[in-house]
């Protein structure tokens, strides 16, 4: 397990309700993309949201990554891979047969990882064009839940990313770890399969940090985060501090 830098970052107070995002929306790679962070940043982070799209908790997380590192500046990009039609958060966890069918249909028609992977180079290419230096000196990628699967699949040979992070990953497969070629951080909730988390860490051949947040549900750093709950808020902050520290060290 790699050490995580603790000194780099001081995240702003987390807003529990009614968060107002600091960034703006631009079209990059043909996709509406949330863009935040200093215009003169030299490093960039791509966020692959969860299946619920642009949620306040996820947008706040993007802003935290963009503005909390004292020594490095990050421009953060979150594309709308679902093009305005994310999953309805009321479908998860599925309480009815209808919810199960809607979720299953969503994953089949909108959330196939290969289709999403093919959209990433266009976003990164357009983002590099707006960098003040002509291109960002390094990129990180962070994925939540479904997005974590997409993120880890980008980290193989000839990856465009210098480091990766996956938080409460869905479809976690230890086999994917063997293909990862850059440092990676994995933050699991109590809901992820413990053996899959162990197997993933065991198969990593790169610098890494793997931790489980035993009080937190799948989704606590993104759309399913109940920031009005003090314990969730505390662990949300800790999670973002951990990701920031890892990126500070490896980007």
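The values are calculated or read from the model by the stated rules, or taken from the named source; none is laboratory data. Here the structure is a predicted model, which means the values were calculated and not measured. Every residue, glycine among them, receives a Cβ derived from its backbone with ideal geometry; neighbour counts consider all protein chains shown.
Answer yes if at least one residue in the range 116-123 is in contact (Cβ under 8 Å) with a residue 60 or more places away in the chain and buried (at least 24 other Cβ atoms within 10 Å of the Cβ), and no otherwise.
No, the conditions are met nowhere in the range 116-123.
Consider the range 160-192. How many of its residues are crowded, with 23+ Cβ neighbours inside 10 Å and out of contact with any strand residue (DSSP E or B) (no Cβ under 9 Å at 6 or more places or on another chain)?
0
Does residue 87 count as in contact with a helix residue (DSSP H, G or I) (Cβ under 8 Å, 6 or more places away or on another chain) and in contact (Cβ under 8 Å) with a residue 24 or more places away in the chain?
Spelling it out, residue 87 is indeed in contact with a helix residue (DSSP H, G or I) (Cβ under 8 Å, 6 or more places away or on another chain) and in contact (Cβ under 8 Å) with a residue 24 or more places away in the chain.
So which residues in the range 193-217 are under 14 Å from residue 183 (Cβ atoms) and either assigned to a loop (DSSP other than H, G, I, E, B) or out of contact with any strand residue (DSSP E or B) (no Cβ under 9 Å at 6 or more places or on another chain) (or both), if there are any at all?
Result: 204, 205, 206, 207.
Output the number of residues of the range 130-159 satisfying the condition of being surrounded by fewer than 16 Cβ atoms within 10 Å (Cβ to Cβ), within 21 Å of residue 39 (Cβ to Cβ) and modelled with pLDDT of 95 or more.
1
Scanning the range 218-237 for residues that are part of a helix (DSSP H, G or I) and more than 15 Å from the chain's Cα centre (by Cα), which turns out surrounded by the most Cβ atoms within 10 Å (Cβ to Cβ)?
Only one residue tops the list, namely 232.
Out of the strands (runs of 3 or more DSSP E) lying entirely within the range 1-80, which hold 2 or more residues that are out of contact with any helix residue (DSSP H, G or I) (no Cβ under 9 Å at 6 or more places or on another chain)?
24-28
Does residue 94 count as in contact with a helix residue (DSSP H, G or I) (Cβ under 6 Å, 6 or more places away or on another chain), surrounded by fewer than 16 Cβ atoms within 10 Å (Cβ to Cβ) and farther than 30 Å from residue 11 by Cβ?
So residue 94 passes the test.
Read through the list (1) touching a residue at least 12 places away in the same chain (Cβ under 8 Å); (2) farther than 24 Å from residue 75 by Cα; (3) not in a loop (DSSP other than H, G, I, E, B), then give the number of the only condition that residue 179 fails.
(3)
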